[in-house]
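Encoded as structure tokens, the structure appears first; notes follow it.
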Amino acid sequence: MPRTRLYRNGVLERENLAVSEISEVLDGPGVVVWLDLCTADGEGLEAIEEEFGLHALAIEDASQGRQRPKVDHYATHLFVNAYEVAFDETTTELVSHEVSMFVLPNALITVRKDREFDIAEVVSRWDNSPDLAKEGVGFLLYGVLDHIVDGHFTAVQDLDEKIDALEDELFDDSHDHIRDVQRKSFALRKNLLLLRRFVLPMREVVNGLMRRDLKVVTEPLMPYYQDVYDHVLRATEWTESLRDMVSTILETNLTIQGNRMNLIMKKVTSWAAIIAVPTAVTGFYGQNLPYPGFNHQSGFIVSSVLIAGGAALLYWIFRRKDWL
């Protein structure tokens, strides 16, 4: 069943009245109605389209879903689309839940695309601020937007903590950690790009609703909407800074790997130089012509001393230069 609430002069009067009854009470003095639909439960939008005189394009956007966060202006109402987001610790992915809203002069209609959108938290915010209920539809809309933007802020904070933890793993030399840092870096970058798609347009959404000619936000509500707008700006700036941090982590990880590769190549080259000493000596004494010590024990002793002495000298030089 669709969930409904009826406020009269800022006081909650009725709940769960039938959709067909709304038109009978909507024109009453001081009446504000909230109607909530969940399309995942099979609730259609055709009934409210005729009941409230909603525009067909707005109904189409609400039914299709996956719209960008926006505010559309129609002759009799506004259409607002937004996303609740949260960071899932289990899957380490960002999950989103879309909600569409029809804003009428004395009614707010919320259309959720799935049951996971926490509408109970929104209702709780309304109940915790009964003194603002007399401000009408702007009060109801504020509760929804405040809940959504707070979720954005929490998601950014969770991602920030993940990035801090990733920075601590950055200088671990084990091979498994190197691959793990790469995987987590790309996953965080993907989540931040997705979050940016939901957070960045909210500036235009909230700013557009605060226009005085729309008469949605009354003067007493203006500071509350300004607070939501400030939170949107902070979440946007935080998201942008985290994107830069993840890019820095990726670049630092590549630099560290390059330095490790240079160190490995330096050690390999040093050992190759040491191994070249006995190869050169034995190659010289392996030629088929007489030389000092040819067919004598002294030749073996001299060659052994050259091998051991040359290798030891190179080892000492490389160690002194910190190449080994």
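The values are calculated or read from the model by the stated rules, or taken from the named source; none is laboratory data. This one's a predicted model, so the numbers in the text were calculated from it and none came from an experiment. Glycine also receives a Cβ, built like all others from the backbone with ideal geometry; neighbour counts cover every protein chain displayed.
So that you can scan it fast, the table gives a plain yes or no per residue for (1) outside the structural domain of residue 119 (by TED's automatic domain parsing); (2) modelled with pLDDT under 90; (3) touching a Gly at 6+ places or on another chain (Cβ under 8 Å); (4) among the aliphatic types (A, V, I, L, M):
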{"position": "11", "(1), (2), (3), (4)": "no, no, no, yes"}
{"position": "24", "(1), (2), (3), (4)": "no, yes, no, no"}
{"position": "28", "(1), (2), (3), (4)": "no, yes, no, no"}
{"position": "40", "(1), (2), (3), (4)": "no, yes, no, yes"}
{"position": "44", "(1), (2), (3), (4)": "no, yes, no, no"}
{"position": "70", "(1), (2), (3), (4)": "no, no, no, no"}
{"position": "75", "(1), (2), (3), (4)": "no, no, no, yes"}
{"position": "81", "(1), (2), (3), (4)": "no, no, no, no"}
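Please specify each residue of the stretch 57-83 satisfying the condition of being within 29 Å of residue 95 (Cβ to Cβ), without any contact (Cβ under 8 Å) to a residue 60 or more places away in the chain and among the aromatic types (Phe, Trp, Tyr).
Of everything in the stretch 57-83, just one residue is within 29 Å of residue 95 (Cβ to Cβ), without any contact (Cβ under 8 Å) to a residue 60 or more places away in the chain and among the aromatic types (Phe, Trp, Tyr), namely 79.
Output the residues belonging to the stretch 244-275 that are surrounded by 16 or more Cβ atoms within 10 Å (Cβ to Cβ) and of a type outside the set (A, V, I, L, M, F, W, C).
Of everything in the stretch 244-275, those that are surrounded by 16 or more Cβ atoms within 10 Å (Cβ to Cβ) and of a type outside the set (A, V, I, L, M, F, W, C) turn out to be 253, 270.
For residue 232, are the conditions met, namely being buried (at least 17 other Cβ atoms within 10 Å of the Cβ) and either over 21 Å from residue 73 (Cα atoms) or within 32 Å of the chain's Cα centre (by Cα) (or both)?
Yes: the conditions hold for residue 232.
Would you check which residues across the stretch 113-139 are surrounded by fewer than 23 Cβ atoms within 10 Å (Cβ to Cβ) and farther than 14 Å from residue 7 by Cβ and list them?
113, 114, 115, 116, 118, 119, 120, 121, 122, 124, 125, 128
Can you pull out every residue in the stretch 103-137 that is part of a helix (DSSP H, G or I) and over 29 Å from the mean Cα position of the chain (by Cα)?
Answer for the stretch 103-137, where residues must be part of a helix (DSSP H, G or I) and over 29 Å from the mean Cα position of the chain (by Cα): 127, 130, 131, 132, 133, 134, 135, 137.
Does the stretch 223-240 contain any residue that is touching a helix residue (DSSP H, G or I) at 6+ places or on another chain (Cβ under 9 Å) and modelled with pLDDT under 80?
no
For the stretch 6-44, give me the residue count where each residue is outside any helix (DSSP H, G or I), within 35 Å of the chain's Cα centre (by Cα) and more than 19 Å from residue 141 (Cβ to Cβ).
Within the stretch 6-44, residues that are outside any helix (DSSP H, G or I), within 35 Å of the chain's Cα centre (by Cα) and more than 19 Å from residue 141 (Cβ to Cβ) number 3.
May I ask you to list the residues in the stretch 184-214 that are without any contact (Cβ under 8 Å) to a residue 60 or more places away in the chain and not in a helix (DSSP H, G or I)?
Matches in the stretch 184-214: 200, 210, 211.
So, residue 151, is that one in the same structural domain as residue 109 (by TED's automatic domain parsing), under 20 Å from residue 110 (Cα atoms) and touching a strand residue (DSSP E or B) at 6+ places or on another chain (Cβ under 6 Å) or not?
Against the criterion (in the same structural domain as residue 109 (by TED's automatic domain parsing), under 20 Å from residue 110 (Cα atoms) and touching a strand residue (DSSP E or B) at 6+ places or on another chain (Cβ under 6 Å)), residue 151 qualifies.
Can we say residue 291 is modelled with pLDDT under 75 and farther than 30 Å from residue 182 by Cα?
For residue 291, the condition - modelled with pLDDT under 75 and farther than 30 Å from residue 182 by Cα - is met.
Counting only residues that are modelled with pLDDT under 90 and among the acidic types (Asp, Glu), how many does the stretch 204-222 have?
The total comes to 1.
Residue check: is residue 78 closer than 28 Å to residue 192 by Cα, of a type outside the set (S, T, N, Q) and under 31 Å from the mean Cα position of the chain (by Cα)?
no
Mind checking which pairs have a first residue in the stretch 40-56 that is within 15 Å of residue 78 (Cβ to Cβ) and a second that is of a type outside the set (D, E, K, R) and modelled with pLDDT of 85 or more, Cβ under 6 Å, 6 or more apart or different chains?
Every condition considered, the pairs that remain are 53/76; 54/102; 55/74.
Out of (1) free of Cβ contacts under 8 Å to residues at least 60 places away in the same chain; (2) closer than 18 Å to residue 96 by Cβ; (3) aliphatic (A, V, I, L, M), the odd one out for residue 165 is which?
It fails just one condition, (2).
Checking residue 168 against (1) at pLDDT 85 or above; (2) loosely packed, with under 13 Cβ neighbours inside 10 Å, only one condition comes out false. Which one?
For residue 168, the exception is condition (1).
What pairs can you find where one residue is in the stretch 149-160 and of a type in the set (Ser, Thr, Tyr), the other is crowded, with 16+ Cβ neighbours inside 10 Å, and their Cβ atoms are less than 8 Å apart, with a gap of 6+ or different chains?
154/86; 154/87
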